[in-house]
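The values are calculated or read from the model by the stated rules, or taken from the named source; none is laboratory data. Keep in mind that this is a model prediction, so the values were computed, not measured. Cβ placement follows ideal geometry from the backbone for every residue including glycine, while neighbour counts extend to all protein chains displayed.
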């Protein structure tokens, strides 16, 4: 089959304090989804740990050293981010999954990959763990793709939180496009529409900040009028997805009204774009998603979209109209009008 799922039962070994939303039970849900895929005849592979060389492309040596020094201990890195005795090894596997998914799709054996991992990654800065994240898994993957000879990499992030660290790591690099749709204002406080990149990378950071309450329809029009036109003009050689499911209407941490079906539609839009511009090569890695039922249903939907036949995206029918997506598009056009035809 053209989809490979990357998973490991080791992801449950990263322990967080009781009541923490990024709980080991998330890994148990991922294991169930991976086993379901295996029973369907699909391939499930375990990731290898990321190497120091792979981490050093996006993280400082001091950061890697500090994370290594937590081995065997339980440490509060900040008010949200914790380690347990096995966390460092698990985080290496999570970052390694970013490398594994890239190698799988670049090697030609698979067109599509989905990595079911924790801890998540898109908040982990070059020299700092934060927001439940220790290493930036998707950034490690994107940097590995570039080091492997990929000319242009697009990262699309539909997690409800802005991927501050992914943006910062590539904001001066015109070879890596970063597009984020997120609740704003919200944690971590970044992701305004006027954050468009720096220097040679100006225009290659695209933010669509939306107020709490955004619906499937808001996301649909943001895709139609912002995400897809920019991707088409950028013409990437590889599409990577920060697949966070915490914009779901059931999620306890955020305030969006996105349904399970919309995650499938967003993923199919990106798959279709990959088939147009980069030989179908697309790889997604799990970020957030803290309602266990919503997480399971959303991951199953993404598996189905990436595993099944190519089809027109099926956005859920809804009468909900909020205007939040339109506001985000207008702000992005104002900020990016000199860089893209929107």
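Per the listing 218, 237, the residue uniquely crowded, with 22+ Cβ neighbours inside 10 Å, over 27 Å from residue 23 (Cα atoms), in contact with a strand residue (DSSP E or B) (Cβ under 8 Å, 6 or more places away or on another chain) and modelled with pLDDT of 95 or more is 218. Just checking, how many residues over segment 54-89 are within 27 Å of residue 176 (Cβ to Cβ), loosely packed, with under 14 Cβ neighbours inside 10 Å and either in contact with a strand residue (DSSP E or B) (Cβ under 8 Å, 6 or more places away or on another chain) or in contact (Cβ under 8 Å) with a residue 60 or more places away in the chain (or both)? Number satisfying all stated conditions: 2.
Can we say residue 90 is assigned to a loop (DSSP other than H, G, I, E, B), within 11 Å of residue 135 (Cβ to Cβ) and under 19 Å from the mean Cα position of the chain (by Cα)? Here the answer is no, as residue 90 does not meet what is asked. Annotation: of all residues in segment 147-165 being closer than 15 Å to residue 59 by Cβ and out of contact with any strand residue (DSSP E or B) (no Cβ under 6 Å at 6 or more places or on another chain), the one that is surrounded by the most Cβ atoms within 10 Å (Cβ to Cβ) is 164. For segment 288-321, the tally of residues that are more than 18 Å from the chain's Cα centre (by Cα) and not in a helix (DSSP H, G or I) stands at 14.
Quick grid of which residues meet (1) in contact with a helix residue (DSSP H, G or I) (Cβ under 9 Å, 6 or more places away or on another chain); (2) in a helix (DSSP H, G or I); (3) surrounded by fewer than 19 Cβ atoms within 10 Å (Cβ to Cβ):
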| site | (1), (2), (3) |
| --- | --- |
| 191 | yes, no, no |
| 226 | yes, yes, no |
| 233 | no, yes, yes |
| 246 | yes, no, no |
| 267 | yes, yes, no |
| 271 | yes, yes, no |
